[in-house]
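What follows draws every value from the coordinates through simple rules; no lab data is involved. Treat the numbers as computed from the prediction; the structure is a model and nothing was measured. Note: ideal-geometry Cβ built from the backbone for every residue, glycine included; neighbour counts use all protein chains shown.
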Amino acid sequence: MIESLLVANRGEIARRIIRTAKRLGVRAVAVHSEADADLPFVVEADEAVCVGPANPAQSYRNAEAILAAAESTGAQAIHPGYGFLSENADFARTVQARGLVWVGPGADAITAMGDKINARNLMAAAGVPVAPGTTEPATDLDAAVAAATEIGYPVMVKAAAGGGGMGMAVAADEAALRTEYDKVRAFAERMFGDGSVLIERYFPRVRHVEVQILGLADGRVLALGERECSVQRRNQKLVEESPSPAVSPELRARFLAAAVRAGEAVGYRNAGTVECLLDPATQEFFFLEMNTRLQVEHPVTELVYGVDLVEEQLRVAAGLAPTFDPDALTPRGHAIELRINAEDPKRFLPGPGVIGTWVEPTGEGVRVDSGYVAGNTVTPFYDSLLAKLVVTGADRAEAIERARTAVADFAVAGPKNNLPFFAELLTNGEFLSGDYDTGIVGRMR
C-alpha cells in the first residue's frame with residue numbers, strides 16, 4: 001500500500017480522501033490556498049503546505065507548486081480528487097515522470113476521453129450507443145448549420161473540451177444556433193483553451209443516468225451499478241440516487257455492459273464514470289461522456305455496494321487486488337445524495353459568507369461529507385459545495401423519509417444555502433413517483 005499521499009484538492013473531497021488515508025495508516029499531506037488555511041481538511045491532514053493565493057490558477061491548478069509540495073514532504077503519491085487538475089493528462093504524465101504514483105486513470109485514457117468528439121467516436125467504434133452528432137468539430141458557423149440540418153433540430157451545442165455541465169446550449173432552430181454557436185465557442189476558448197464545438201441531437205425529455213466503473217490492476221473493468229442524476233440546475237447535478245428508479249433489470253444489464261465496453265476500449269484503470277442520457281419513452285440510452293476521475297456523487301455507490309472507492313483507488317494505484325470479490329458484488333438498499341450548496345434556494349446564485357451555525361444531522365442511514373465547520377468562511381473563489389448529505393434505506397421510500405428528517409435537522413446559518421429547496425423537492429409528487437427527468441427543477445420554479 002502507498003505510505004504517503006498528497007491530496008491535490010480542497011474542501012469536502014480533500015477531507016474525504018484524508019479520512020480514508022488515515023484509516024489505512026497512510027500519511028496524508030494537504031495542499032491549500034491562503035484562503036483555505038483554516039478549513040478542516042488542512043487541520044486534519046498529517047502535514048499541510050500552502051501552495052499559493054486564493055486564485056485557483058495560482059494554487060490548486062498550479063502544477064509546479066503542487067509537485068514541489070510533494071517533493072518537500074516526501075509524498076509517494078498524488079490523489080487529485082475531482083475538478084482542478086484531476087482530468088489534466090499533462091499533469092498525470094508529469095506526476096509519473098517525477099517518480100510519483102498517480103491515483104487515477106492513465107494519461108492516455110484521460111486524453112482519449114477529454115475531447116467529447118474523440119470520445120464519441122471511440123465509444124461508437126466500441127459498440128457503445130451514441131446520440132446522432134458530429135464526428136468532427138464544427139469549425140465554423142456554416143459547418144454547424146449544415147450539421148444541425150442533417151441531425152435535425154433541436155440540437156445541443158457543446159464545447160468539445162468541456163465538462164461538468166459547462167459550455168452547453170440548446171438551439172431549437174437555425175436562428176438560435178447562429179446565436180448560441182458563437183457564445184459556446186467563445187466560452188470554450190476562454191475556459192478550456194479549445195474552441196472546438198460539437199453539435200448533437202437534443203432530447204427534450206431525458207434522464208441523466210451514469211455508471212460507476214473501476215478498472216482493476218489486473219486489467220479487468222468492473223461496473224458498480226448506476227446512479228440517477230436527473231435533478232439538475234444549469235446542467236449541473238443537485239441530487240443523485242442509486243439505483244435509478246427508471247432502470248429495469250434488463251436495462252441495467254445493458255447499461256453496465258456498455259460501461260464495461262467503454263472502459264475496456266481505453267484500457268481504463270482506477271475509478272471513473274460513464275455518463276449517459278436515457279430516453280424514458282423508448283428506453284434507449286446514449287453515451288454522453290466519461291469522467292476520468294472520482295465523481296462528487298461516489299458515496300451513493302459506496303453505500304449501496306458497501307465499498308470504499310477511495311481505498312479501491314489507492315489499491316489499484318499500488319497494483320493491489322480489490323478488497324472485495326469482483327464476482328460477488330451485490331447491491332443492497334437505496335441511497336440518495338443531496339448537494340448542500342452555498343447558494344440561493346430559488347435562483348441558485350452563489351451566496352458566500354461566514355458560517356455562524358453548522359449542525360450536521362445524525363441518525364441511522366445518515367452520512368455527511370462536509371468541507372466546513374462553524375466559524376469557517378465560504379469564499380467566492382471556489383465551487384459553492386458545502387457538504388454532501390447522503391442517506392440510505394432498505395428501499396427508496398425509506399431513504400426519502402430519512403432524507404426529509406436529515407434536511408430538517410441540518411442547521412446552517414451565515415451563507416445562503418439550498419436546504420429549503422431540498423425540503424421542497426422531497427415532498428414533490430413528481431420526484432416521489434420516481435418518474436422525473438432533467439426538467440424537474442425548472443418545473444418546480
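Return the distance in nm (one decimal) between the two label points of a simple spin-label model at ARG98 and CYS50, each offset 7 Å from Cα along Cα→Cβ.
For ARG98 paired with CYS50, the spin-label model returns 2.0 nm.
Quick one: Cα centre-to-centre distance for region 158-210 and region 45-75, in angstrom?
What the calculation gives is 33 Å, centre to centre.
Long-range amide H contacts for VAL231: which residues qualify at under 5 Å (H placed 1.01 Å from N, peptide plane, sequence gap of 5 or more or a different chain)?
LEU238, VAL239
For a label point 7 angstrom out from the Cα of LEU141 toward its Cβ, which stretches of region 181-199 have the backbone nitrogen within less than 14 Å?
Under 14 Å, as judged by backbone N against the label point of LEU141, lie 181-186 of region 181-199.
Apply the Karplus parameterisation 6.51 cos²θ - 1.76 cosθ + 1.60, with θ equal to phi minus 60°, to every residue of region 371-378 and state each ³J(HN,Hα) to the nearest whole Hz, in sequence, with x for glycine and proline.
Calculated HN-Hα couplings, in order: x, 9, 9, 4, x, 6, 9, 8 Hz.
Taking the Cβ-Cβ separation of LEU349 and THR323 as r and a Förster radius of 30 Å, what is the calculated FRET efficiency to the nearest 0.05? Walk me through the numbers before you get to the answer.
Details: r = 42 Å, r/R0 = 1.40.
Once rounded, the FRET efficiency stands at 0.10.
All other residues with a Cβ under 14 Å from the Cβ of GLY127 taken together, and with Lys, Arg as +1 and Asp, Glu as -1, what is their net charge? Walk me through the numbers on the way to the answer.
On the way: positive: ARG120, ARG254, ARG261; negative: GLU264.
That works out to +2.
In terms of modelled amide H atoms, which long-range or inter-chain residues lie less than 5 Å from the amide H of VAL49?
Amide H to amide H, under 5 Å and 5 or more residues apart or across chains, VAL49 pairs with ALA30, VAL31, HIS32.
Each residue of region 16-33 in order: what ³J(HN,Hα) in whole Hz does its phi give by Karplus 6.51 cos²θ - 1.76 cosθ + 1.60, θ = phi - 60°, with x for Gly and Pro?
5, 5, 4, 4, 5, 4, 5, 4, 8, x, 8, 5, 9, 10, 9, 10, 8, 7
Find how much the distance from THR149 to GLU3 grows on full extension, using 0.36 nm per residue of separation minus their present alpha carbon separation; answer in nm with one decimal.
On the way: separation 146, 0.36 × 146 = 52.56 nm, distance 5.61 nm.
Gain in length upon complete extension: 47.0 nm.
Spin-label point model (7 Å from Cα, Cβ direction): what's the ARG332 to GLU364 distance in nm?
Distance between label points: 1.4 nm.
So which of LYS237/LYS416; LYS346/LYS388; LYS183/LYS388; LYS116/LYS237; LYS22/LYS237 end up more than 27 Å apart, counting from Cα to Cα?
Working: LYS237/LYS416 18 Å; LYS346/LYS388 19 Å; LYS183/LYS388 32 Å; LYS116/LYS237 19 Å; LYS22/LYS237 29 Å.
Exceeds cut-off: LYS183/LYS388; LYS22/LYS237.
Apply the Karplus curve 6.51 cos²θ - 1.76 cosθ + 1.60, θ = phi - 60°, to the phi angles in region 303-312 and return the couplings in whole Hz, x for Gly and Pro.
Working through the residues one at a time gives 6, 6, 9, x, 10, 9, 5, 5, 4, 5 Hz.
As an exercise, use a Förster radius of 56 Å and the Cβ-Cβ distance of ARG19 and ALA253 to find the FRET efficiency, rounded to the nearest 0.05.
Details: r = 34 Å, r/R0 = 0.60.
So, using R0 = 56 Å, E works out to roughly 0.95.
When the helix-only estimate is applied to the chain (DSSP H runs of n ≥ 4, each -39,500 (n - 2.57), divided by the residue count), what is the mean residue ellipticity at 222 nm, nearest 500 deg cm²/dmol?
Details: 15 runs with 151 residues, N = 445.
Rounded to the nearest 500, the figure is -10000 deg cm²/dmol.
Mind checking which of GLY351, GLY81, SER433 is farthest towards the positive end of the chain's charge dipole, using Cβ charges of +1 (Lys, Arg) and -1 (Asp, Glu) about the Cα centre?
Result: GLY351.
Mind sorting MET156, MET113, MET444 by how few other Cβ atoms lie within 10 Å of their own Cβ, fewest first?
On the way: MET156 22, MET113 26, MET444 15.
If I rank by nearby Cβ atoms, fewest first, I get MET444, MET156, MET113.
Taking K and R as +1 and D and E as -1, what net charge do the other residues with C-beta under 14 Å from the C-beta of TYR153 add up to?
Values: positive: ARG178, ARG201; negative: GLU150, ASP173, GLU174, GLU180, GLU200.
Cβ neighbours under 14 Å give a net charge of -3.
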